[in-house]
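Notes for the one structure printed next.
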Amino acid sequence: MDLLTKCTCVVSCLFAGWAITFITVANCSVYPSEMTVDGAIKLPSQANGLGFFYSLSLSSTFPEDLEMDEYCIKLLHIYGQRYVTYANCLVSYARPVKVCQNCYTYFNSLNETYMNISSDQPGPGNVSCHDSLMRSDRLMLLFTLFNNLDEIWGSAACEQCLTEDHEALSNDTVYFMATLNHSLSCFEQYQRNHSELCKDCKASYKRLNELYGKMEKNQTLCIDIEDAMNITRRLWSKNYGCLLPREETVPVIAVSSFMLFLPIIFYLSSFLHSEQKKRKLIHPNRAKSSSTLMNIQDKFS
């Protein structure tokens, strides 16, 4: 049965000095419509007595051949629940970043549901939800929503911190987290004495840096590890004022120093070489002049 909406407008005036305020109140009610014998819509008696506009509501159901199967409706409901759960997890562990180690189970569940929806393989009752849920309109909402979260997951490189089946954290990730916790525990012991912190926590912090370097070469880093290492390095250098000279900086300093003094060595060697040539050229002239002077003296004698 169709529904008709009746709106009754009441206008009142309030006088306050010279100001006039108009207040309009609309009172809307919904009445069921009636059908005449010839199929025309008959307005309810309450509505026929009022000369106002009415709006007819659209039908809430469509023909059965256009409606989705119960299995697809259930799958759509599961997709919505898992989407919200995964999105909430991303927001909860946004800072500091811990999305890979805490949200991978929710992503796996969401991905599994999306694969069931987007697959052409029929489900229970030989029903496929791909066309009804994925291609029924130009918006393609389910695809757009999943694609946005999938891009976040890919940018975070979370797969590099998980096992091959994506069911657990990898051994490298677990070992790095244990080493990181050891360094942070050492930091907490010397909060009031930074000089002792730099001295006693140097070994554990150095191991952490070496481990991070190996994981970076092996491409086993995800956003969780990168963010944790950046925070730890900022604590070590900026907050605590500690220094840890890297081994690879020694050759760099040596080469830089050599290149810096190379022009000085070049000009100094050129200067000494030119002076030596001058001396070689002057000696024969002096010898010749002295011999000539001796001959002159012999003649006069």
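Ranked by solvent-accessible area (1.4 Å probe, protein heavy atoms only, all chains present), the residues VAL91, VAL97 order from largest to smallest as VAL91, VAL97. Principal axis extents of the Cα atoms in the stretch 147-209, from largest to smallest and rounded to whole angstrom, are 49, 24, 16.
Quote the FRET efficiency, to the nearest 0.05, computed for SER119 versus LEU235 with a Förster distance R0 of 51 Å and r equal to the Cβ-Cβ distance. Don't jump to the answer; show the numbers that get you there.
Numbers: r = 47 Å, r/R0 = 0.93.
Taking R0 as 51 Å, the efficiency between SER119 and LEU235 is 0.60.
The gain in end-to-end length when the THR85 to SER269 segment is fully stretched comes to 58.8 nm, 0.36 nm per residue minus the alpha carbon separation.
Amide H contacts under 5 Å for LEU162: SER170, restricted to partners 5 or more places along the chain or on a different chain, H placed in the peptide plane at 1.01 Å from N. Quote the FRET efficiency, to the nearest 0.05, computed for ALA178 versus LYS74 with a Förster distance R0 of 51 Å and r equal to the Cβ-Cβ distance. After rounding, the FRET efficiency stands at 0.75.
What the stretch 71-179 shows is 59 Å² of accessible area per residue, with the surface traced by a 1.4 Å probe over protein heavy atoms.
With a Förster radius of 35 Å applied to the C-beta separation of MET140 and ASN108, the computed FRET efficiency comes to 0.95.
Packing here is the average count of other Cβ atoms within 10 Å per residue, and on that basis the peptides 111-117, 75-81, highest first, run 111-117, 75-81.
The values are calculated or read from the model by the stated rules, or taken from the named source; none is laboratory data. Note that the structure is a prediction, hence the values are computed from the model and not measured. Cβ: placed from backbone, ideal geometry, glycine included. Neighbour counts: every protein chain shown. Accessible surface areas use protein heavy atoms only, side chains included; no ligands, DNA or RNA. Shrake-Rupley method; radii C 1.70, N 1.55, O 1.52, S 1.80 Å.
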